[in-house]
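Participant: This structure is in structure tokens; I'll ask about it shortly.
Bear in mind these aren't lab numbers, they're just calculated from the coordinates by the rules spelled out. Treat the numbers as computed from the prediction; the structure is a model and nothing was measured. Neighbour counts are summed over all protein chains in view; Cβ atoms, including those assigned to glycine, are modelled from backbone coordinates with ideal geometry.
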């Protein structure tokens with residue numbers, strides 16, 4: 001028996017249902033593409049919701065066909081309205097958290113502006129959940145979904161219905177604070193949000209501590225429309241991730257200018273990797289007891305055709321929160337170990353090579369295998385390698401870093417904590433990490449011979465290191481007075497311009513032929 005058609009079209013109702021579902025699928029897929037977050041998970045959500053919509057539409061139309069076409073005309077109209085409302089709701093809410101999505105937020109804000117005028121005080125908060133990708137990669141996407149639901153519930157409990165909360169996608173939320181009276185009120189809410197999200201998230205009976213980065217744009221100061229305010233809040237969030245220690249910052253002209261500069265810099269870094277613009281210099285470290293070279297630290301250098309020589313401090317902080325830092329770290333590991341192999345074959349007496357590893361790389365599940373493979377490729381003993389991690393680098397995700405350190409130690413690789421004294425290491429954490437060296441930050445060394453407080457700090461750190469069975473490397477030694485004092489205090493290894501300035505591999509080789 002032929003299926004009855006839908007009124008006004010004479011087409012089978014399943015075709016109508018398919019048409020509506022396909023239209024919804026294409027519309028959502030285009031939105032996903034333009035949002036630049038296309039992935040398998042997002043695609044699967046669109047497919048599932050499209051199928052749900054098909055069965056809902058098919059069932060509703062089938063039901064309509066069974067009604068009396070004359071007596072139930074009003075009911076048919078009502079059913080169509082309910083159907084349209086259902087389709088609209090599906091497109092306006094996030095399927096995971098049930099929070100409004102960006103389309104809802106834009107429509108709602110436009111309605112508010114139309115009703116209340118453009119001169120009310122609003123604040124846009126663009127919130128980035130730090131480390132969500134890492135959780136997805138290590139614990140799985142179910143864990144990531146659980147965290148997002150946890151954060152959504154906390155935001156709803158904290159803010160209620162007074163302000164507008166929206167999930168933008170992936171690890172980002174946006175909150176529009178309504179009828180704000182002062183910046184102090186904004187900052188109080190921001191701090192409350194950050195403190196609420198910092199509360200332990202429990203997953204599989206383990207506590208995890210989550211941080212956020214928040215960019216703030218104020219209306220009318222930073223814009224009058226939704227697009228401008230959202231963009232400026234996003235810019236200040238991205239700026240904050242690179243430059244700000246408080247984890248939130250306001251939009252202003254300086255933020256916008258630096259954001260644009262950073263985008264240009266990132267593009268140049270990408271080009272530098274493919275064009276081989278990076279090189280390595282090496283700074284020799286002295287074993288003060290033996291009077292011989294202990295190791296050489298590899299230091300990245302970038303000679304840009306237009307920018308000239310770009311210091312690492314000017315580009316490393318910008319790329320640290322991007323995947324580019326992994327590419328740069330891979331280059332440094334490969335080139336430094338290749339050079340160490342060359343020196344070994346030449347018979348140069350430089351026992352160890354030291355490589356700085358970014359915190360992002362130190363958390364990577366691939367780090368140990370990369371190191372192991374490169375040691376084998378260049379025929380280098382693992383005890384000839386020191387990997388350096390800055391003290392501030394292991395404030396977060398300590399478990400992953402600790403796991404990699406344990407595996408690296410099993411290989412025979414030594415570990416150094418760089419810039420010691422600038423972070424927040426506890427004695428228990430240092431002992432727990434099974435490290436080999438503490439590198440005293442240069443800020444203490446600079447004034448060790450003139451400032452009593454600096455001298456006391458250095459003495460305390462040297463005593464601490466000896467108590468924990470660690471070796472000390474003092475960085476930034478520039479004068480004979482500093483060197484002699486550190487020698488007197490029992491510092492085993494010395495590094496700085498007084499010992500040796502950073503030099504190219506060729507210059508190291510010339511020096512090595514003299515002292516070897």
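Participant: Averaging sequence separations of C-alpha pairs under 8 Å and six or more residues apart, then dividing by the length of segment 128-205, give the relative contact order as a whole percent.
Facilitator: It rounds to 28 percent for segment 128-205.
Participant: Find how much the distance from residue 304 to residue 378 grows on full extension, using 0.36 nm per residue of separation minus their present alpha carbon separation; answer in nm with one decimal.
Facilitator: 23.7 nm
Participant: Here's a follow-up. What's the exposure ranking of 483, 282, going from fewest to most Cβ atoms within 10 Å?
Facilitator: 483, 282
Participant: Convex hull over the Cα atoms of segment 277-348, averaged projected area in nm²?
Facilitator: 6.3 nm²
Participant: What distance in nm separates the two pseudo spin-label positions at residue 209 and residue 188, each 7 Å out from Cα along the beta-carbon direction?
Facilitator: Distance between the two pseudo-spin positions: 2.7 nm.
Participant: Hey, what did segment 102-251 get for relative contact order, percent, Cα under 8 Å, at least 6 apart?
Facilitator: Averaging sequence separation for qualifying contacts and normalising by length gives 30 percent for segment 102-251.
Participant: Once the Cβ-Cβ distance between residue 334 and residue 158 is put in as r, and R0 is 41 Å, what FRET efficiency do you end up with, to the nearest 0.05?
Facilitator: Taking R0 as 41 Å, the efficiency between residue 334 and residue 158 is 0.30.
Participant: Would you work out if segment 102-251 is rounded, prolate or oblate? Take a ≥ b ≥ c from the square roots of the eigenvalues of the alpha-carbon gyration tensor; rounded if a/c is under 1.5, else prolate when a/b is larger than b/c, oblate otherwise.
Facilitator: prolate
Participant: Right, next: Evaluate E = 1/(1 + (r/R0)^6) for residue 224 and residue 402, where r is the Cβ-Cβ distance and R0 equals 41 Å; express this FRET efficiency to the nearest 0.05.
Facilitator: Computed FRET efficiency for residue 224 and residue 402: 0.25.
Participant: Then there is this: Using the count of nearby Cβ atoms within 10 Å as a rough guide to exposure, how do 492, 106 rank from fewest to most?
Facilitator: 106, 492
Participant: Also, quick follow-up: Can you figure out the FRET efficiency of residue 270 with residue 141, using R₀ = 25 Å and their beta-carbon distance, to the nearest 0.05?
Facilitator: The computed FRET efficiency comes out at 0.35.
Participant: Now for a separate question. Only counting other Cβ atoms within 10 Å, I'd like 166, 178, 240 sorted with the fewest neighbours first.
Facilitator: 178, 240, 166
Participant: In nm, give the distance between the simple-model label positions of residue 253 and residue 342, each being 7 Å from the Cα along the Cα-to-Cβ direction.
Facilitator: Distance between the two pseudo-spin positions: 4.9 nm.
Participant: With just the Cα atoms defining each centre, how far is segment 201-222 from segment 467-516? Give it in Å.
Facilitator: Measuring centre to centre over Cα atoms gives 43 Å.
Participant: Using only the Cα atoms of segment 263-515, build the gyration tensor, take square roots of its eigenvalues as a ≥ b ≥ c, and label the shape rounded, prolate or oblate: rounded if a/c is under 1.5, else prolate if a/b is larger than b/c, else oblate.
Facilitator: Taking the square roots of the gyration eigenvalues as a ≥ b ≥ c, segment 263-515 is rounded.
Participant: Rounded, prolate or oblate for segment 244-395? Axes are the square roots of the Cα gyration tensor eigenvalues, ordered a ≥ b ≥ c, and the cut-off for rounded is a/c under 1.5.
Facilitator: Note, shape of segment 244-395 comes out prolate.
Participant: Give me the extension gain from residue 323 to residue 179: residue separation times 0.36 nm, minus the current Cα-Cα distance, reported in nm with one decimal.
Facilitator: 47.9 nm
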